[in-house]
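What follows is a single structure, written as structure tokens, with notes after it.
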Amino acid sequence: MSWRKLSSDSLPDNTDESQEDTSRFVEPDSAESQVEASVDSGKLNFQFEAYNEDCVICGAKNSGKSYLANELLKSFNNITCIVWDFNFQFHDARSMLFHRLDDLLEVYDKANGKGRYILQPFDKSQQAFEKLCDAVFQRGNTVLFLDELHLFCSKQSIIKPFQNLILSGRPRGISVISISTRPASLPNSVLSNANHVFCFRLNIESDVKFLESWMGSEVWQLMPVDKRQKMKDAPILPEHTFYYRNQSDVNGVVGKV
Ligand SMILES: Nc1ncnc2c1ncn2[C@@H]1O[C@H](COP(=O)(O)OP(=O)(O)OP(=O)(O)O)[C@@H](O)[C@H]1O
Ligand SMILES: [Mg+2]
């Protein structure tokens with residue numbers, strides 16, 4: 001695995017706060033909410049504050065999003081995680097696998113919300129997706145991976161149960177890892193709340209332009225050379241390579257897991 005440091009512009013601040021009473025959820029400065037996770041390699045400085053930070057993973061089809069998300073899941077030791085695994089792509093020996101949300105919640109509730117859970121849903125409807133968002137919002141203290149998010153929300157249609165997680169999940173100890181092929185179609189609040197953004201290869205200009213406003217012009221190197229408007233001299237990135245940016249860092253990093 002190799003890493004190169006790149007310069008880029010700043011990401012916008014995280015500003016969303018909930019006004020609700022969230023006293024039954026972990027305090028932002030408690031020991032539990034400060035659990036940090038980092039990817040195994042040690043070369044990528046990915047310090048993730050579970051239950052307090054959000055993450056976006058985006059890129060074209062087959063670019064490596066689910067593979068990376070699965071690697072992150074495996075590295076999240078002693079952190080409660082639920083995965084909406086729409087395409088049955090997650091594999092983790094230490095996660096419990098379910099096909100029905102009710103079965104998952106029964107075990108989750110008995111375990112007082114401890115453990116790692118993969119939901120490979122038989123019911124892939126919008127309603128099932130929203131039911132999961134609501135269930136996690138009610139319970140709190142969970143890192144929720146949402147794969148294939150573009151199938152369930154867009155800029156045009158505001159999905160309340162999902163928006164609740166993004167806008168008001170943090171005081172409840174909820175982290176959302178949003179995974180999508182179309183960054184430009186994500187509601188703006190998803191990127192504005194994300195502390196960490198990973199972006200793989202992109203083919204659609206509007207996606208690059210949208211991401212550029214959040215991550216800087218380096219994202220043009222994620223396009224095929226003949227479609228780039230900037231970074232034309234940058235090398236073609238190897239397969240499954242991403243551009244990662246922590247919003248609090250000045251520089252982004254090109255890398256691969
Ligand atoms: N870093 C990697 N090393 C080795 N193989 C990888 C890596 N990343 C992805 N792959 C392989 O590439 C293929 C596509 O990866 P993945 O399924 O993660 O893509 P994706 O972006 O989630 O695609 P989709 O949008 O279709 O869900 C898979 O077979 C996966 O195992
Ligand atoms: Mg995938």
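Identify the single condition in (1) touching a residue at least 40 places away in the same chain (Cβ under 8 Å); (2) buried (at least 16 other Cβ atoms within 10 Å of the Cβ); (3) at negative phi that K61 does not satisfy, given that it satisfies every other one.
Every condition holds for K61 apart from (2).
Taking the condition in contact with a helix residue (DSSP H, G or I) (Cβ under 8 Å, 6 or more places away or on another chain) and either within 16 Å of ligand 1 (Cβ to nearest atom) or β-branched (V, I, T) (or both), does I166 pass? Step through it out loud before you land on a result.
Values: in contact with a helix residue (DSSP H, G or I) (Cβ under 8 Å, 6 or more places away or on another chain): yes; either within 16 Å of ligand 1 (Cβ to nearest atom) or β-branched (V, I, T) (or both): yes.
Taking the combined requirement at face value, the residue satisfies it.
Pairs needed: first member in segment 170-184, at negative phi and touching a residue at least 24 places away in the same chain (Cβ under 8 Å); second member anywhere, among the small types (G, A, S) and away from ligand 2 (no atom under 16 Å from the Cβ); C-beta distance under 6 Å; at least 6 residues apart or different chains.
As it stands, the answer is P171/S18; R172/G140; I174/G140; S175/A50; A184/S206, since those pairs meet every condition given.
Determine whether L149 is modelled with pLDDT of 95 or more, of a type in the set (A, V, I, L, M), within 14 Å of ligand 2 (Cβ to nearest atom) and closer than 19 Å to D123 by Cβ. I'd like the intermediate steps shown before the answer.
Working: modelled with pLDDT of 95 or more: yes; of a type in the set (A, V, I, L, M): yes; within 14 Å of ligand 2 (Cβ to nearest atom): yes; closer than 19 Å to D123 by Cβ: yes.
The answer is yes for L149.
Looking at the structure I just gave you, is L119 under 20 Å from D102 (Cβ atoms) and within 16 Å of ligand 2 (Cβ to nearest atom)? Can you show your working first?
Values: under 20 Å from D102 (Cβ atoms): yes; within 16 Å of ligand 2 (Cβ to nearest atom): yes.
Taking the combined requirement at face value, the residue satisfies it.
Give me a count of the residues in segment 55-87 that are within 13 Å of ligand 1 (Cβ to nearest atom) and among the hydroxyl-bearing types (S, T, Y).
Within segment 55-87, residues that are within 13 Å of ligand 1 (Cβ to nearest atom) and among the hydroxyl-bearing types (S, T, Y) number 3.
What strands (runs of 3 or more DSSP E) lie completely within segment 40-100 and have 1 or more residues being under 17 Å from the mean Cα position of the chain (by Cα) and under 22 Å from T181 (Cα atoms)?
Details: elements: 54-58, 81-84, 96-98.
Correct list: 54-58, 81-84.
For residues that are in a helix (DSSP H, G or I) and within 16 Å of ligand 1 (Cβ to nearest atom), tally how many sit in segment 169-186.
Of segment 169-186, the ones in a helix (DSSP H, G or I) are 170-172, 183-185.
Right, trim to within 16 Å of ligand 1 (Cβ to nearest atom) and you get 183-185.
Counting residues in segment 169-186 that are in a helix (DSSP H, G or I) and within 16 Å of ligand 1 (Cβ to nearest atom) gives 3.
Can you pull out every residue in segment 205-257 that is part of a loop (DSSP other than H, G, I, E, B) and touching a His at 6+ places or on another chain (Cβ under 7 Å)?
Narrowing segment 205-257 to residues part of a loop (DSSP other than H, G, I, E, B): 216, 223-224, 228-241, 247-250, 256-257.
Hit for segment 205-257 is K256, nothing else.
Does any residue of segment 241-250 turn out to be farther than 18 Å from Q47 by Cα and under 18 Å from the mean Cα position of the chain (by Cα)?
Step one: filter segment 241-250 for residues farther than 18 Å from Q47 by Cα, giving 241.
Still in the list and also under 18 Å from the mean Cα position of the chain (by Cα): 241.
So far as segment 241-250 goes, yes, one or more of its residues are farther than 18 Å from Q47 by Cα and under 18 Å from the mean Cα position of the chain (by Cα).
Report whether or not S95 is in contact with a strand residue (DSSP E or B) (Cβ under 6 Å, 6 or more places away or on another chain) and away from ligand 1 (no atom under 16 Å from the Cβ).
Spelling it out, S95 is indeed in contact with a strand residue (DSSP E or B) (Cβ under 6 Å, 6 or more places away or on another chain) and away from ligand 1 (no atom under 16 Å from the Cβ).
The values are calculated or read from the model by the stated rules, or taken from the named source; none is laboratory data. The model shown is predicted, which means the values in this text are computed figures rather than measured ones. Neighbour counts are summed over all protein chains in view; Cβ atoms, including those assigned to glycine, are modelled from backbone coordinates with ideal geometry.
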